[in-house]
Amino acid sequence: MLLSNYSIEFVRLACGSKAQSLDMIALLEQDIGEVIPYLNAVLGGFQYTKEPRSVSLKLEGKLVVIYPEKICVSAPGDRLEAEKIIEWLREKINDTWERRGEIQPCFESAPKPKVLDILRLLPRTNCGECGHPTCMVFAAQVAAGDSDYNDCPALAVEQKIELSSYLGHFQLK
Ligand code: SF4
């Protein structure tokens with residue numbers, strides 16, 4: 001077993017002048033740096049960095065960043081939800097480590113969806129009903145994984161299917 005123990009801390013980060021987001025950090029008692037490229041391959045992380053070694057991914061709508069000595073989860077909701085995510089990751093980490101002989105490690109970030117490709121599949125009326133001033137802004141949000149394409153109420157069924165298919169290649173559904 002590579003990872004056996006960790007402790008959890010919550011950190012309240014100021015975002016702008018008023019709003020705050022409660023993020024969680026799991027401090028790991030074991031160094032899991034070596035498993036990170038294998039996790040990148042298994043979990044399909046969307047961003048891999050070599051220095052410091054880390055992989056970022058989205059789990060249940062939360063941004064999760066895995067480092068050798070800690071795991072950060074953005075706005076996990078409550079402690080129970082945070083612990084569920086970390087416990088699931090602990091099992092994945094240990095399972096991936098045990099199976100590393102059969103896994104090709106990945107040292108690259110996943111390809112990213114292109115803003116213009118997403119824009120092409122939107123209604124392009126700039127109606128603002130999604131809460132963004134233009135379809136281009138909304139497309140950029142979707143490409144970054146910060147908005148769901150379903151937040152555009154003007155999408156036709158065919159456009160939803162095409163967007164789902166396109167974003168499915170990048171694990172942003
Ligand atoms: S609701 Fe849809 S069509 Fe309207 S601005 Fe937003 S993305 Fe564009």
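The values are calculated or read from the model by the stated rules, or taken from the named source; none is laboratory data. Please read these numbers as outputs of a predicted model, since none were measured by experiment. Reconstructed Cβ throughout: ideal geometry from the backbone, glycine too, with neighbour counts over all protein chains shown.
Would you call ASP151 within 14 Å of the ligand (Cβ to nearest atom), within 23 Å of LYS62 (Cα to Cα) and surrounded by fewer than 13 Cβ atoms within 10 Å (Cβ to Cβ)?
On the way: within 14 Å of the ligand (Cβ to nearest atom): yes; within 23 Å of LYS62 (Cα to Cα): yes; surrounded by fewer than 13 Cβ atoms within 10 Å (Cβ to Cβ): no.
When the stated conditions are applied, ASP151 does not pass them.
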Could you figure out which of (1) within 16 Å of the ligand (Cβ to nearest atom); (2) surrounded by 13 or more Cβ atoms within 10 Å (Cβ to Cβ) isn't true of ILE93? (1)
The conditions are (1) of a type in the set (Gly, Ala, Ser); (2) within 16 Å of the chain's Cα centre (by Cα); (3) closer than 16 Å to TYR38 by Cβ, and ALA82 fails exactly one of them. Which is it? (3)
Boolean, GLN141 is over 18 Å from the mean Cα position of the chain (by Cα) and within 29 Å of ALA41 (Cβ to Cβ): no
Could you please tell me which pairs satisfy a Cβ distance under 8 Å, a separation of 6+ or placement on different chains, a first residue in the range 148-159 that is outside any loop (DSSP other than H, G, I, E, B), and a second residue that is aromatic (Phe, Trp, Tyr)? ASP151/PHE138
Checking the conditions here, which among GLY131, GLY77, GLY145 is in contact (Cβ under 8 Å) with a residue 60 or more places away in the chain and on the phi > 0 side of the Ramachandran plot? GLY145
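Mind listing just one residue for me: the one in the range 41-62 that is part of a strand (DSSP E or B) and among the aliphatic types (A, V, I, L, M) and, of those, surrounded by the fewest Cβ atoms within 10 Å (Cβ to Cβ)? Before the answer, list the steps.
Our first condition is that a residue be part of a strand (DSSP E or B); within the range 41-62, this holds for 47-49, 54-59, 62.
Next, only the ones that are among the aliphatic types (A, V, I, L, M) stay: 55, 57, 59.
On the way: VAL55: 25, LEU57: 21, LEU59: 15.
This residue is LEU59.
Identify, please: which residue in the range 98-128 is among the acidic types (Asp, Glu) and part of a helix (DSSP H, G or I) and is, among those, farthest from the ligand (Cβ to nearest atom)?
Here is the first cut: in the range 98-128, the residues among the acidic types (Asp, Glu) are 98, 102, 108, 117.
Now drop any that are not part of a helix (DSSP H, G or I), which leaves 98, 102, 117.
On the way: GLU98: 45, GLU102: 43, ASP117: 14 Å.
The selected residue is GLU98.
Can you tell me which residues in the range 75-90 are over 20 Å from PHE46 (Cα atoms) and in a helix (DSSP H, G or I)? Even if it seems obvious, please write down each step before you answer.
Applying the first criterion (over 20 Å from PHE46 (Cα atoms)) to the range 75-90 yields 77-84, 87.
Answer for the range 75-90, where residues must be over 20 Å from PHE46 (Cα atoms) and in a helix (DSSP H, G or I): ARG79, LEU80, GLU81, ALA82, GLU83, LYS84, GLU87.
Look through LYS160, LYS114, LYS173 and report the one residue that is charged (D, E, K, R) and modelled with pLDDT under 90. Spell out how you get there, then give the answer.
Values: LYS160 fails: modelled with pLDDT under 90; LYS114 fails: modelled with pLDDT under 90.
Criteria check complete, one pass: LYS173.
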How many residues, within the range 107-119, are surrounded by 13 or more Cβ atoms within 10 Å (Cβ to Cβ) and out of contact with any strand residue (DSSP E or B) (no Cβ under 7 Å at 6 or more places or on another chain)? 8
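Could you please let me know if VAL65 is away from the ligand (no atom under 16 Å from the Cβ), surrounded by 13 or more Cβ atoms within 10 Å (Cβ to Cβ) and either among the small types (Gly, Ala, Ser) or without any contact (Cβ under 8 Å) to a residue 24 or more places away in the chain (or both)? Spell out how you get there, then give the answer.
Numbers: away from the ligand (no atom under 16 Å from the Cβ): yes; surrounded by 13 or more Cβ atoms within 10 Å (Cβ to Cβ): yes; either among the small types (Gly, Ala, Ser) or without any contact (Cβ under 8 Å) to a residue 24 or more places away in the chain (or both): yes.
Answer is yes for this residue.
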